[in-house]
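Below you'll find the structure, written out as structure tokens, and then a few comments.
Bear in mind these aren't lab numbers, they're just calculated from the coordinates by the rules spelled out. Only a predicted model underlies this, so the values are computations on that prediction, with no experimental measurement involved. As a convention, Cβ positions derive from the backbone with ideal geometry for all residues, glycine included, and neighbour counts pool all protein chains shown.
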Amino acid sequence: MADLSTLLAKEASTEIEAILSEANERAAQITEAARSEAESIVADRERRAKSQREASLVRARSAAQLEASAIRLRAQHEGVRGVFDDVRRRLDELVADKSRYPAVFEKLLEQAVSATRDVGIAEIEVAPADEELAKAALQKLGVSADVKATGDVKGGVRVRTARRSAVENTVYDRLEAMAGELASEVSQALFGAKAE
């Protein structure tokens, strides 16, 4: 019986070793699969994080470029507006200059009268300070028309026609009429780039 017991113990021991070996092999496979899956998850998360980081960088760069463009455009706009404000100040100085303004005023009046001569002139409207200047200029042109002083005409004339239309010709109106095409040139001169 001792032999049987030894034989059974040996068989049981072999069986236990086989089960343990199989269990160890299965545990190694599970561990390897888990490690592989963990590496895959980590790699996937790293890829996603890198992708998100790159997308964030692209968004940040785009936002920075937009802001830089907006700042540049504001600077151009302010620069161009500053130039036009300076031109308006210089026009104010011209209108106030008793030695230079009369020749400019006469030319503005002559052009407005010429544009309305065919339809008949009803009245000439000028700034109160230009009333005598207008009468003298009309006499020089050989044109007979009433001159009316008004506070809403500055730096030139408004000629009212017999048909109730009007032609306004002032240095300020001329600046405003040319502002659109001049703005691009001013921006080019100031910044070396086209105004947008």
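For residue 150, the amide hydrogen comes within under 5 Å of the amide hydrogens of 126, 127, counting only partners 5 or more places away or on other chains and with H modelled in the peptide plane.
Rounded, prolate or oblate: which one fits the stretch 99-176, using the alpha carbon gyration tensor with axes a ≥ b ≥ c (rounded when a/c is under 1.5, else prolate when a/b beats b/c, else oblate)? Rounded. Averaging Cα coordinates gives a centre for the stretch 164-193 and one for the stretch 74-108; these two points are 11 Å apart.
From the square roots a ≥ b ≥ c of the eigenvalues of the alpha-carbon gyration tensor of the chain, which class results: rounded (a/c under 1.5), prolate (a/b over b/c), or oblate? Prolate, since a/c reaches 1.5 and a/b exceeds b/c. Full extension from residue 58 to residue 86: what is 0.36 nm times the residue separation minus their Cα-Cα distance, to one decimal in nm? Between residue 58 and residue 86, full extension yields an extra 5.9 nm.
Once the chain from residue 190 to residue 36 is taken as fully extended at 0.36 nm per residue, the excess over their C-alpha distance is 49.1 nm. Look at the dipole of the chain built from charges on Cβ: of 65, 6, 105, the Cα furthest out on the positive end belongs to 105. Close Lys pairs in the chain, defined as Cα atoms under 20 Å apart and 8 or more places apart or on different chains, number 11. The mean sequence distance of close C-alpha pairs (under 8 Å, at least 6 residues apart), as a share of the length of the chain, puts its relative contact order at 19 percent. Axis angle, to the nearest 10 degrees, between helix 131-141 and the longest C-alpha principal axis of the chain: 70 degrees. Using the Cβ-Cβ distance between residue 164 and residue 97 with R0 set to 35 Å, the FRET efficiency from 1/(1 + (r/R0)^6) comes to roughly 0.55.
Between 0 and 90 degrees, the angle of helix 2-96 with respect to the longest Cα principal axis of the chain falls at about 10 degrees. Of the residues 112, 127, 49, the one that moves most in a GNM of the chain with alpha-carbon contacts below 10 Å is 49.
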